[in-house]
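K.L.:
Sharing a structure with you now.
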Amino acid sequence: QGPAIEIAPQVSPDGRYIAYVSNESGQYEVYVTSFPEGAGQWQVSINEGMVPLWNHRGDALYYVERNTLMKVSVSTTSGFSHGTPQRLLTEESTGTQLLADSFPPKLFNYRYAVTPDDNRIMLIRNDQRSTVYLVQNWVKEFEKSE
């Protein structure tokens, strides 16, 4: 309801918190507030933040800071708390653009996803050659090749 732009909401896996992006500080940052009450507000990004994504356990938030994928540990067990954001991947190290070309980026156009075990990150390459393959019945094909 205020003058700030608030976009890209992501509800935590336990349904008690919501991460979102706001420009209330003068630049886009990732914040968390309780859900659905909206009580309390915690800024989890430091130097700009976009496209927040909870991990499947709800103990970490991912976001993009200036084409760097960041991860911050969080706790929602007794209130909300968070650690210091850590750099994971950069556009330079992956050869993949992590934000959309426009600014502010199309915040619902995620270019990354995280597996449920947090061990793998999928990045969408920004080139015309990208092809996505869907393999069905792969178990049967695998068994035939043994």
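The values are calculated or read from the model by the stated rules, or taken from the named source; none is laboratory data. As the structure is a computational prediction, the values presented were derived from the model and not from experiment. Using ideal geometry, Cβ is built from the backbone for each residue, glycine included, and neighbour counts are taken over all protein chains shown. In case anyone asks, the SASA skips ligands and DNA or RNA and just uses the protein heavy atoms, side chains included. Shrake-Rupley method; radii C 1.70, N 1.55, O 1.52, S 1.80 Å.
K.L.:
I'm trying to understand the selection: among the residues of region 18-62, which are without any contact (Cβ under 8 Å) to a residue 40 or more places away in the chain and open to solvent by less than 40 Å² (accessible area, probe 1.4 Å)?
P.N.:
ILE18, TYR20, SER22, GLU29, VAL30, TYR31, THR33, GLU48, GLY49
K.L.:
Continuing with this model, one more query. For region 1-53, how many residues are touching a Pro at 6+ places or on another chain (Cβ under 7 Å) and of a type in the set (Ser, Thr, Tyr)?
P.N.:
Final tally of qualifying residues: 3.
K.L.:
Which one is nearest to ALA8 (Cα to Cα) among residues in region 63-88 that are open to solvent by less than 30 Å² (accessible area, probe 1.4 Å) and of a type in the set (Val, Ile, Thr)?
P.N.:
Top of the filtered list is VAL64.
K.L.:
Quick one: is PRO105 at pLDDT below 90, in a loop (DSSP other than H, G, I, E, B) and buried (at least 18 other Cβ atoms within 10 Å of the Cβ)?
P.N.:
yes
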